[in-house]
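Quick notes on the structure that follows.
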Amino acid sequence: MSKTVVSLALLLGIFVVPTSAFGLPELLEKLWPKETGQVFDTVARIPYNELLNDNPYVDPFIVHSMKNFGFFYVVDVPDYDASVEDEYLQQFFNLPEKVKADTEIKRHNPANKNAYRGYCPGLDDVEATLQYKEVFNIGPHETRAPFYDDSLSNDLEKLKYECSEANVWPETDNCTFDKGFKEVFQTGFDMRRNIARAFVRSISRALGFPNLPSLFSEDEFSAMGLRRYPVRSERTNKNMFSDFDGELLRELEHIDSTVTVLSTFNNGGLQMLYKNQYMNAPVTGDNAFLVNIGKLVEDIIDNQLISVRHRVIETAYTRHSITYFLGPAFDADISRSMTGYITEAGHKYRIFGEWIKDYLGAIELFYY
Ligand SMILES: *[C@@H]1O[C@H](CO)[C@@H](O)[C@H](O)[C@H]1NC(C)=O
């Protein structure tokens, strides 16, 4: 065990013997990997079971990483192989356009009902778009709430109803694929939601914000996106140079909004801003997830953790990733921070539902 690990453990007051499968030294070694000279080597790698079981020993490591870097990894996920997800994702995007069109959102296929969940091609208008990617969006609902007229008396109620639109799943002439795709991504969705919620519980303990988890009691608008960024021609990437350092980008520099659980598989390219410099984030590989928070959540927790600015640099190959966002519940009050200050969003909105309404408007305009 390195000196850093020991001194950090002492500093954080970790004296209690963990009730986990690991002994303390092994657990600490995992949480705080050996330094090899790369800045992000010391980003915490938290075993899935320790996080999900609310093991408080992991809390200081998560907080330390989130305060310093704005992200950490969840590792050792039982019964999970990201390469299976990667294969299904690729198999879907490789389907004939005609088959994928059945799952398109209504902006692309007016015959369909869904506005958000489903397939968003997004490659047609290559001159105008900064977002050269295809996305398949999956939400938490398999069936839509029944339609009651009187429950839709105002715009917000209507939006809440719209948010609950049911998932669509591809129907091909390969039943094995159809069944496997649905199962793999329903399971993957639950896994990511569990991680995001366990993370919220962890920081609520560590930061002393006992009311934080209640903001996430429902997840009407949690969203998982399967993404493909095909190789671009010179013509299609002319808008995508970084204002920060001139680097050619795949995904522009941005800060997320809520809680993000990301899979990059073995695709490099993701860079996080650290001390005013963009640095490569280690890939999530076959058995890990990267977790970070966005601006809305940072404000709610009184800026105790960093919402990290990040980007994806241009890659010479078709790149895949899966994003998952856990937002507060539709009715959660996001106007006040945990200690009662007005949040930035709070100047305009009271509940998350009002916020998401504008946010989705922006997404529809710019992203799909
Ligand atoms: C059907 O899908 C399965 C699972 O994705 C795949 O292994 C198999 O090769 C596919 N069969 C055909 C005929 O494409």
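No lab work stands behind these numbers, since they all come straight from the coordinates. Because the structure is a prediction, the values reported are computed rather than measured. Every residue, glycine as well, gets a Cβ built from its backbone with ideal geometry; the counts of neighbours run over all protein chains shown.
Before moving on, here are some points about what is shown:
- Each of 207, 270 was scored by other Cβ atoms within 10 Å of its Cβ. Listed from fewest to most, they are 207, 270.
- Each of 339, 315 was scored by other Cβ atoms within 10 Å of its Cβ. Arranged with the fewest first, they read 339, 315.
- Listing 322, 195 from fewest to most neighbouring C-beta atoms within 10 Å gives 195, 322.
- Amide H contacts under 5 Å for residue 114: 106, restricted to partners 5 or more places along the chain or on a different chain, H placed in the peptide plane at 1.01 Å from N.
- Residues in the range 194-203 carry Karplus couplings, in order, of 4, 4, 4, 5, 5, 4, 4, 5, 4, 6 Hz; the curve used is 6.51 cos²θ - 1.76 cosθ + 1.60 with θ = phi - 60°, and Gly or Pro positions show x.
- Phi angles across the range 46-57 convert, under the Karplus curve 6.51 cos²θ - 1.76 cosθ + 1.60 with θ = phi - 60°, into 3J(HN,Hα) values of 9, x, 3, 5, 5, 5, 5, 8, 6, 6, x, 5 Hz, Gly and Pro given as x.
- Gyration tensor over alpha-carbon atoms, the range 237-340, equivalent ellipsoid semi-axes in Å: 27, 17, 12
- In the range 132-212, inverting the average of 1/r over every pair of distinct C-alpha atoms gives 15.9 Å as the Kirkwood radius.
- Under 14 Å, Cβ to Cβ, from residue 333 - net charge with Lys/Arg +1 and Asp/Glu -1: -1
- Relative frequency of Cα-Cα separations exceeding 26 Å in the range 168-326, percent: 36
- Across the cross-link table entries 106/348; 113/133; 158/182, which are compared at the Cα atoms, the separations over 26 Å belong to 106/348; 158/182.
- Virtual spin-label span in nm between residue 155 and residue 344, 7 Å along Cα→Cβ: 2.3
- Under 5 Å, built H, 5+ apart or other chain: amide partners of residue 274: 279
- Charged neighbours of residue 165, selected by a Cβ distance under 9 Å, balance to +2 (K, R count +1; D, E count -1).
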